[in-house]
1. Quick one: which strands (runs of 3 or more DSSP E) lie wholly within segment 1-80 and hold at least 1 residues that are of a type in the set (Gly, Ala, Ser) and within 15 Å of the ligand (Cβ to nearest atom)?
2. Specify which of the listed residues (23, 36) is within 13 Å of the chain's Cα centre (by Cα) and under 15 Å from residue 122 (Cβ atoms).
Amino acid sequence: MAKKVLENVGLFYQHYPRIALVVTAASGGKENAMTVAWHMPMSKDPPLISFVTGTSHFTYKLIKESGEFAINLMPDTHAEMVAAIGGSKGENCDKFATYGIEKDQSVKTSAPILADAYAAFECKVVEEKVYDGHSMVIGEVVATHVQEGCFWDDGTVNLEKVFPVLYMGSEQYLNIEKAGVRMLKRDVYAKELKL
Ligand SMILES: Cc1cc2nc3c(=O)[nH]c(=O)nc-3n(C[C@H](O)[C@H](O)[C@H](O)COP(=O)(O)O)c2cc1C
């Protein structure tokens, strides 16, 4: 297939589909949530997770004040809620009341946990790196909330119970009626390629 070579940086950030999750935070009696597609785990031990946020976002302000946040993984059934959270500004609006978002109690931080999240991770900020209007926030996971039956024993998501919200960019979300997985053992395939 022919490739176009672009003089500019083009679509370098289009690494989709990506899970769209919800980052929550609280400070000074205010709490808020924002949708985030740019995120990743960074280390297993210590358990570090990072995400990128615009520094003008209200959630970022609450994270800077409290030094805490929570990552909430939402099921595909709640994609509309994820879109609403990512389409609204929390500075002058209570997203929890406006969209009827229920909360669970956090145990180690002040960050609210979304009751409908199939998994949520409470984090303490350990570091951040700011680049002109964007910050990569790195947090250490200090508590985990998991809905029963949503993960298999090997830690993979049980797709019979729950499917993550997969964002395609440009306001599009993957619509998967019946998801399946393929087992491709890395050592088996690495050997085959070496032959
Ligand atoms: C699917 C989706 C993914 C998003 N991903 C990010 C992201 O990775 N980083 C970011 O800063 N904003 C992202 N946004 C935008 C924020 O969620 C949005 O600006 C939100 O209004 C910020 O809320 P706040 O000002 O109340 O904190 C995303 C929005 C959507 C709908």
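Just so it is clear, none of the values below were taken in a lab; they were calculated from the coordinates. All values reported here derive from a predicted model rather than from experimental measurement. Cβ atoms come from the backbone with ideal geometry, glycine included; neighbour counts cover every protein chain shown.
1. Values: elements: 21-27, 30-36, 39-43, 48-54, 68-73.
It comes to 21-27, 30-36, 48-54, 68-73.
2. Selected residue: 23, the only one of 23, 36 that is within 13 Å of the chain's Cα centre (by Cα) and under 15 Å from residue 122 (Cβ atoms).
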